[in-house]
Amino acid sequence: MNERLLFLILFGVIGVLWWIAGYWRRKAGKAAFAAARLADTAEERDRYCRLAVLASHRDACRMFCFSHPDLFEDHPPLKPFKLRGINIAFYGYYYPARYDVLLGDEQRAFCRSLYRFKEGEIHGIEFFKACMTALQTAGKPYHIMFMPCSDGFKYVRRFNRLDWYIGKRRPELTSGLYDVDVFEPRDSLHEAKGVESRILERNYRITGNIAGKEIIIIDDVLTTGQSVADYKEEIERNGGKVVAAIFYGKTVAMPPLLLIKSHVWGSYLADAIRKAVT
């Protein structure tokens, strides 16, 4: 038989086998991912999710990342770190609403509590106390300022209970809720497309006397740090000194899917070798 013809036949057979293997790999990935979404326990969910990642299911990779943020995030909750020259502490991981179907019950509950805080439905005192403790601020006379929102009504609604708590229960602190005048509405930065590249439209002015005060900023969500850096600049232009910022949630950054697959495959192979040895 002609060698070239034989090569083409072999090449065609390999291509067909490769396509069949890929087809069943995709089928297996979809089945495992569906099982992960329907799992009754976190252990089952994790097991099926790992199987789906091994089959290269893209949403399973995201689900695994969200289930194990400690493996891919540089900073854990309530462990202060520096960002854009600011000492930062946050309460928990935040996952954008478009990923809701990939979240576990605890993650979904945390995100809903953050949304309720944004809407002024809950006071946020627990988050505030936990982050202040993490920053080791006990007994120090800081001035608390709040990140301006997309309009003045939302700003007061979101932070007025923390303002009350600081005034009534934290005598060492002072509240700067009314040091800021939000004079016109603007688009919500978190809801806008291309948030990473957006420049914050300044719709506020600082009207209170903050000269010489050491200030801690409070905000709901940390994503890029752009907004808090802009606010820090404005505060310091008015004579204040920003020493820290605290956030209810930090948006989880999605690593390359290849990195997630590599981690799962590495764990799988390590377990297989361990079992073979023992």
Check: For the stretch 1-154, how big is the tail of P(r) above 26 Å, as a whole percent of Cα pairs?
Finding: 51 percent
Check: TYR93: accessible area at probe 1.4 Å, nearest 10 Å²?
Finding: 30 Å²
Next item on the list: Sort ARG62, ARG169 from largest to smallest accessible area, using a 1.4 Å probe on the heavy atoms of the protein chains.
Entry: ARG169, ARG62
Checklist line | Mean Cα-pair separation over length for the chain, i.e. relative contact order, pairs under 8 Å, 6 or more apart, % | finding: 20 percent
Item checked: Modelled FRET efficiency - R0 30 Å, SER56 with LEU78, Cβ distances, 0.05 increments -> 0.30
Note to self: Looking only at the chain, where both bridge partners belong to it, what percent of the DSSP beta bridges are antiparallel (to the nearest 5)?
What the structure shows: 20 percent
Check: What is the spin-label model distance, in nm, from GLU233 to ARG47 if the labels are put 7 Å beyond Cα along the C-beta direction?
Finding: 5.3 nm
Notebook entry, point to check: Hey, any idea what % of the chain's accessible area is carbon plus sulfur with a 1.4 Å probe?
Noted result: 56 percent
Next item on the list: With a 1.4 Å probe and all protein chains in place, put HIS263, HIS68 in order of accessible area, largest first.
Entry: HIS263, HIS68
Next item on the list: Match the structure shown to one of the listed values (1) 56, 42, 34; (2) 92, 43, 31; (3) 70, 47, 29 of Cα extents along the principal axes in Å, computed from it, and give that label.
Entry: (2)
Check: Any idea of GLU126's accessible area? Nearest 10 Å², probe 1.4 Å.
Finding: 110 Å²
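The values are calculated or read from the model by the stated rules, or taken from the named source; none is laboratory data. Small disclaimer: the values here were computed from a predicted structure and weren't measured. Because the Cβ atoms are built from the backbone with ideal geometry, glycine has one as well, and the counts that use them run over all protein chains shown. Heavy atoms of the whole protein, side chains included, go into the accessibility calculation; ligands, DNA and RNA do not. Shrake-Rupley method; radii C 1.70, N 1.55, O 1.52, S 1.80 Å.
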